[in-house]
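Notes follow the structure.
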Amino acid sequence: METRRLPVEALVGAALLVAVPFVLPAWMKFIVTLALAKFMAVLAVALFLRANQVTFGHAMFYAVGAYAVGFGAKWFGLRDVALLLPLGALFGAAVAALVGLVMARYREVFFAMLNLAFSMMLYGALLKLYWVTGGTDGLSAGVPTFLGYAPPREYLRDFLYYTSLGVAGLVIYAVYRFLASPLGYYLKAMGENEIRIEYSGESVRHVMYVTYVLSGALAGLGGVLAGFTVGHIVPEYSFWIQSGDFVFVALLGGYGSVVGPLMGSIAFEFIRTYASKYFPNEWQMTLGIIMLAIILFRPGGLWTIYEGLAARFGRREVERA
Amino acid sequence: MPEAPVLQTIDLCKSFGMVKAADAINVAIRPGELVGIVGANGSGKTTFLNIITGYLKPDRGRVLLLGEDRTGLPPRVITKLGISRSFQIPQLYTNLSVLESLLLSVAAEAGRGTGFWQPLHRRHWIDQGLETLDRFGLKPYADRAVSELPEGGRKLLDIALSFALRPKLLLMDEPTSGVSIEDKFQVMDILMKVVEETRLTTIFVEHDMDVVQRYGRRVLAFNDGKVIADGTPGAVLADPEVRKAVLGRA
Amino acid sequence: MRLLTTILMDGTVFAAVLFLISVGLTLVFGVLRILNVSHGGLYAFGAYLATFLAVRFLEIGGNPYLTYPILLAGALIVGVVAGPLIERAFVRRVYGRAEAIQLLLTFSVFLILDDLMKLIWGTKPMFVSEPYTLLGEFSLAGIPYSWYQVVLIAVSILFGGALVWAVRGTRFGKIIVSVINDREISQAIGINVSRIYTVAFTLGALCAALGGALVAPTIAVVPGFAVDATVLAFAVIAIGGMGSLEGAALGALIVGLLRALAVHLLPEADLVIIYLAMILVLVVRPQGLFGQVVLRRI
């Protein structure tokens, strides 16, 4: 496992992330917060990529989390982050537990396309049931409070940022534990050989199901944070393009590790901000070309580029010592 | 009164289109037996294992495991009952390391295969895994990727994964196929030592008569889905019908 | 009665177009064992190019009756140029790699195609209604229909028939079937499998583009309808059985009629009903209506 070494890099990375509000301008803070939120959904997608399964529909759980924030504000006046985070995760997991009953039976193209179908059904519902969901206008998130405390306006972004960072830290820890557990290894192993798993007395369907529920919770968490960060929740949260972005980022960052998707998410949000400014109409094409390049030349994503550099750097240090 | 058979099949039949892959097979295997199954390609040996372990459903007949009717249960359930098998084409996790693969079997045997919080790498599991690898001569490869193993090592690991489940009955499908002639007997020696030390009830399928002759205590000969002979290696392999069916000459 | 006629007619027209698209997708899947996510992109490309050519042709004062061959030419160009290009340049490089990677590759191609169309033709809707209006209307149970819709159905049936004949009755078809059934054996008996892959992918692209070109006169061609085509075509072949021509025909009919039923009776749920049908079929019969179960040899 990759995370066994690297305490130094991990500390440096964490320190950089903690320092963000002090060094970066406000708009960048916003970008990194959003990147942290989406990272959780990306991680959900990356879990399945480890098992060689693609999902073109995980935006649906991201949307479930975000709409939990929207409906919370609209119907119940809820706007506390500490309350809505677990709620969003719970809803994400609950929807995944339901959809997963079907999805755990399918692999590969069926898994990919059925996820797409489910997410597009949700998208259609969010769009068409406008008297409930606000249709294309969407819903507004409440101004967030934190365990009942309403921070002054100028510090709101910082509060959201550190909350996202804290949740991201917890998520990294939890997913790391998950991947190091027997079930996590079975998840990786099933991409290679399902027959051996069944002939070990374990159920591949169970592995898929548990992972699916977990992935729903993760994407739900991301949706809650994104909903609060952007402040506005629209059906596009569940659109296939959003799902495609998650897959793209998982591939970009590298799904072999837990940290890869984090690097990918942050890189992606910055690229997107600039790209939408300078060439708004070629954005998807850019994604497509980068994705092609990664598939054909760098299947491990950014993470392996980093690992390659680290290995070369590390060797030089050893030689020097 | 002898113990109940570990495995008993009653009138097992299975056809693929016009081909009868299992034709009224009646076999009983008692605890502690070491049985070799011999037969030409397409004689129904693998189909027999596939039916017993639930990968295929029989058209007719019953499979009794440890005295109970278990016909048609899926491989996962059969495995949990203590019947494990290895494969002609090794079924491995080529994206894991040798030790990681084995730890998954150890975890499954401990009933902890579905745990998702405690780590797979636990001290006593690792010890247990390394011990099993050692039995099969694979300990030097423990930290290597499964994809780097030579063919003989792949076969041995495939069997080690099944063995680590601590079965009551071990089925080995062509343990030496794909292994070079020089290494064949070496692989079989390792396997037979393990089987003897643990007094494990074992069935191995083999198309090589020399291997069966040397290692079997009891031999079943298959032809066209039927058991055409059942007895000691000497008697079965001397049978002209068997020689004709397996070797193509008397 | 009027409603029933409308639903049947609309459903059949929709099924005809869906069949053209899906049969290409199922052909590519059958031969290459790859789900071409960019299939919907090729469909949209066919619609765009055909419309563009027809509009230009009419602008320079061309005879409106000649727009029909122009539409077909648009489809042909997309199929014959984009098909081999995508297969040779990209898809070929991931044969034998994990299915996830293959899916992601064709998804990348899909993203590129989607923007390429916007770059070339902009984001404003494009119309060419002449081929549609030219044929006039007829009345059925008091409701007017366009003859063009009948042409669509006829072309689809003819095309399907020709395809079945090509696969069942010709030497080339037997080669394709042999590749579908067993790649390795086909290779061993001297079939140039690599060339068959290119041909099959090109044929698939052609089907998609043809569907797009023929549907173009009945709609406004706008960005973003490619993804629906991919998902619907997938639903069709999942219902019918992946890789089966008959399955594509039956699947298209089921999806087409369901869609028409929903559009007229429960318009909020038009897509939901199709997806539910697909899920239902897959739960009851995972291999689809015409699909076969293949056990892995162990």
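Descriptive notes on the structure:
- Of all DSSP beta bridges in the protein assembly as shown, antiparallel share, percent nearest 5: 60
- Environment charge of A:PHE279, counting only residues whose C-beta is closer than 15 Å and scoring Lys/Arg +1, Asp/Glu -1: 0
- Rounded to the nearest 10 square angstrom, B:ARG62 shows an accessible area of 110 square angstrom against a 1.4 Å probe.
- Sorting the segments A:79-88, C:183-192, B:152-161 by their mean number of nearby beta carbons within 10 angstrom, highest to lowest, gives B:152-161, A:79-88, C:183-192.
- The residues of chain A have, on average, 38 Å² of accessible surface per residue, using a 1.4 Å probe with all protein chains present.
- Considering the range A:143-256 at the alpha-carbon level, its Rg and Dmax are found to be 18.0, 59 Å.
- Our note on the geometry: Cα centres of the range C:225-240 and the range C:54-94, 22 Å apart.
- Dipole of the range B:34-170 computed with +1 at Lys/Arg Cβ and -1 at Asp/Glu Cβ about the Cα centre; of B:THR114, B:THR79, B:PRO140, farthest Cα towards the positive end is B:THR79.
- Within the accessible area of the range B:90-166 (1.4 Å probe), percent carbon and sulfur: 47
- Angle between chain C longest axis and helix C:99-121 axis [Cα atoms, degrees, rounded to 10]: 30
- Only protein heavy atoms count here; on that basis, with a 1.4 Å probe, C:THR133 has an accessible area of about 90 Å².
- When peptides B:119-132, C:220-233 are ranked by their average number of other Cβ atoms within 10 Å per residue, the highest-first order is C:220-233, B:119-132.
- Overall form of the range A:222-267: oblate. Here a/c, set by the Cα gyration tensor axes a ≥ b ≥ c, is 1.5 or more, and a/b is not larger than b/c.
- Shielding value for B:103-113 is 5, the average number of Cβ atoms from other chains within 10 Å of each residue's Cβ.
- Within the protein assembly as shown, helix-based [θ] at 222 nm, where runs of 4 or more DSSP H residues each add -39,500 (n - 2.57), nearest 500: -20500 deg cm²/dmol
- When restricted to Cα atoms, the range A:28-147 yields an Rg and a Dmax of 15.3, 43 Å, respectively.
- With each label modelled as a point 7 angstrom along the Cα→C-beta vector, the B:VAL77-A:PHE146 pair spans 5.4 nm.
- The range A:25-86 shape via C-alpha gyration tensor axes, a/c threshold 1.5: oblate
- Centre separation in Å (Cα based) which lies between the range A:1-70 and the range A:108-159: 17
- The 3J(HN,Hα) values that the Karplus relation (6.51, -1.76, 1.60; θ = phi - 60°) gives for the range C:221-227 are, in residue order, 7, 10, x, x, 8, 5, 5 Hz. Gly and Pro appear as x.
- Three-way shape label, the protein assembly as shown, alpha-carbon gyration tensor, a/c 1.5: oblate
- Debye-formula intensities of the range C:131-187, expressed as log10 I(q)/I(0) at q = 0.14 Å⁻¹, are -0.57 (one equal scatterer per alpha-carbon, no solvent).
- Listed by chain and number, the lysines whose C-alpha is less than 28 Å from the C-alpha of B:LYS80, apart from same-chain residues fewer than 8 away, are A:LYS188, B:LYS14, B:LYS45, B:LYS57, B:LYS139, B:LYS155, B:LYS168, B:LYS193.
- Principal-axis tilt of helix B:181-198 within chain B, Cα atoms, nearest 10 degrees: 80
- Across peptide C:113-123, the mean count of Cβ atoms from other chains lying within 10 Å of each residue's own Cβ comes to 3.
- Separation of alpha-carbon centers, the range B:35-91 and the range C:133-174, rounded to whole Å: 52
- Taken along its principal axes, the alpha carbon cloud of the range A:2-316 reaches lengths of 52, 49, 40 Å, longest axis first.
- Hull volume per residue, based on the alpha-carbon atoms of chain C and their convex hull, is 142 Å³.
- Residues A:TRP240, A:TRP283, A:TRP75, sorted by accessible area with the largest first, give A:TRP75, A:TRP283, A:TRP240 [1.4 Å probe; ligands and nucleic acids excluded].
- Protection proxy ranking, highest mean first, for peptides B:221-229, A:193-201, C:277-285: A:193-201, B:221-229, C:277-285, where packing is the per-residue count of other beta-carbon atoms within 10 Å, averaged.
- Radius, Kirkwood style, for the range C:69-163 when every pair of distinct Cα atoms is counted (Å): 17.0
- DSSP bridge pairs, chain B: antiparallel proportion in percent, nearest 5: 55
- Percent of Cα-Cα distances greater than 25 Å, calculated over chain B: 43
- Rounded to the nearest 10 degrees, the inclination of helix B:151-163 to the longest alpha-carbon principal axis of chain B is 90 degrees.
- 10 Å beta-carbon shell around B:ARG135, net charge (K/R +1, D/E -1): -1
- Using θ = phi - 60° and Karplus 6.51 cos²θ - 1.76 cosθ + 1.60, couplings along the range A:135-152 (whole Hz; Gly, Pro as x): x, 5, 5, x, 10, 9, 7, x, 6, x, 10, 10, 6, x, 8, 9, x, x
- Residues whose amide H falls under 5 Å from that of B:SER86, counting only those 5 or more places apart or on a different chain, are B:LEU171, B:MET172, B:ASP173, with hydrogens built in the peptide plane.
- A simple spin-label model places the labels of C:GLN292 and B:PHE185 4.5 nm from each other, with each point 7 Å out along Cα-to-Cβ.
- In this rough spin-label picture, where each label sits 7 Å from Cα along the Cβ direction, the B:SER147-B:ALA4 distance is 4.6 nm.
- Residues whose amide H comes within less than 5 Å of that of A:HIS232, counting only those at least five positions distant or on another chain, are A:ALA141 (H built at 1.01 Å from N in the peptide plane).
- Average partner coverage of A:275-287, which counts Cβ from other chains inside 10 Å: 3
- In terms of overall dimensions, the range B:90-166 has a Cα radius of gyration and Dmax of 11.4, 35 angstrom.
The values are calculated or read from the model by the stated rules, or taken from the named source; none is laboratory data. None of the values given here were measured: they were computed from a predicted structure. Don't worry about glycine lacking a Cβ; one is built from the backbone with ideal geometry, like all the others, and counts go over all protein chains shown. To get the accessible areas, we keep the full protein, side chains included, count just its heavy atoms, and leave off ligands, DNA and RNA. Shrake-Rupley method; radii C 1.70, N 1.55, O 1.52, S 1.80 Å.
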